Amino acid sequence: MLYHIIRFIARIILTPIYFPRMINRDKIPKKGKVIVYANHASWWDPVILGVLLPRPVHFMAKEELFKSAIGRWFFTNIGAFPVKRGSADLSAVKKALKLLKHGKVFGIFPEGTRIKTGELGTFLRGVAGIAHHSRAPIIPVAIHHNKYRLFVRVTAVVGEPVDLSAYYPHKMDNEIADRMMADLNESLRKIID
């Protein structure tokens, strides 16, 4: 319930500032498990995706955001869950797999931190492991934000689902992460060109 209230308020605030829009929104499955992953240049990125995606999305968020009682209450109630950055956080991976098992949308920024240059950073291998174990549809979303300048449109483009079936018989997390990165990079190039 709180998710929908926050989303409504965020939409009212962001619409006249960034005119956010999503292209190919219909490529997001209307139900069932799905992993949505995107480039990450600003702390606005999860808010923009939360506003634009047609279904509630559950993001991993750095554990520091959950330190205070208010932060923990807020982020938990909007569907986020903590992850320890810089380590293999098995509890966060288990939480993501559980959400997917229950047919939810799991959102992640595989670079693990904000990259402000506009280029993609190296993908962390954890997202590949989650994709491999869950067998969920995996969909890249390229966010073009022009450094979130006021009154300049933010566009999110949903790419084609990434077919990873060739990687599933074997544990090939490095190859999966590289493939996911290549597909997102291709979507970003299409927006910029």
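Tabulated data for the structure shown
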item: Condition check for Pro54: touching an Asp or Glu at 6+ places or on another chain (Cβ under 9 Å) and exposed (fewer than 14 other Cβ atoms within 10 Å of the Cβ); result: yes
item: Pick from the range 167-185, criterion surrounded by fewer than 16 Cβ atoms within 10 Å (Cβ to Cβ) and over 30 Å from Lys147 (Cβ atoms), ranking: modelled with the lowest pLDDT; result: Lys171
item: Of residues in the range 148-166 being of a type in the set (Gly, Ala, Ser) and surrounded by fewer than 13 Cβ atoms within 10 Å (Cβ to Cβ), the one farthest from Lys27 (Cα to Cα); result: Ala166
item: From the options Leu188, Leu150, Leu164, Leu100, residue that is modelled with pLDDT of 80 or more and in contact with a His (Cβ under 8 Å, 6 or more places away or on another chain); result: Leu164
item: Index of the failed condition, Pro137 passing every other in (1) open to solvent by less than 20 Å² (accessible area, probe 1.4 Å); (2) closer than 25 Å to Asn24 by Cα; (3) in contact with a strand residue (DSSP E or B) (Cβ under 7 Å, 6 or more places away or on another chain); result: (1)
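Matching residues to (1) closer than 17 Å to Leu2 by Cβ; (2) open to solvent by less than 20 Å² (accessible area, probe 1.4 Å); (3) without any contact (Cβ under 8 Å) to a residue 24 or more places away in the chain; (4) aliphatic (A, V, I, L, M):
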{"residue": "Leu65", "(1), (2), (3), (4)": "yes, no, yes, yes"}
{"residue": "Ala69", "(1), (2), (3), (4)": "yes, no, yes, yes"}
{"residue": "Leu90", "(1), (2), (3), (4)": "no, no, yes, yes"}
{"residue": "Ala96", "(1), (2), (3), (4)": "no, yes, no, yes"}
{"residue": "Leu100", "(1), (2), (3), (4)": "no, yes, no, yes"}
{"residue": "Pro110", "(1), (2), (3), (4)": "no, yes, no, no"}
{"residue": "Leu120", "(1), (2), (3), (4)": "no, no, no, yes"}
{"residue": "Arg125", "(1), (2), (3), (4)": "no, no, no, no"}
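The values are calculated or read from the model by the stated rules, or taken from the named source; none is laboratory data. Given the structure is predicted, the values throughout are model-derived calculations rather than measurements. With ideal geometry, Cβ positions are generated from the backbone for all residues, glycine too; neighbour counts draw on all protein chains shown. Heads up: the accessible areas ignore ligands, DNA and RNA and are worked out on the full protein's heavy atoms, side chains in. Shrake-Rupley method; radii C 1.70, N 1.55, O 1.52, S 1.80 Å.
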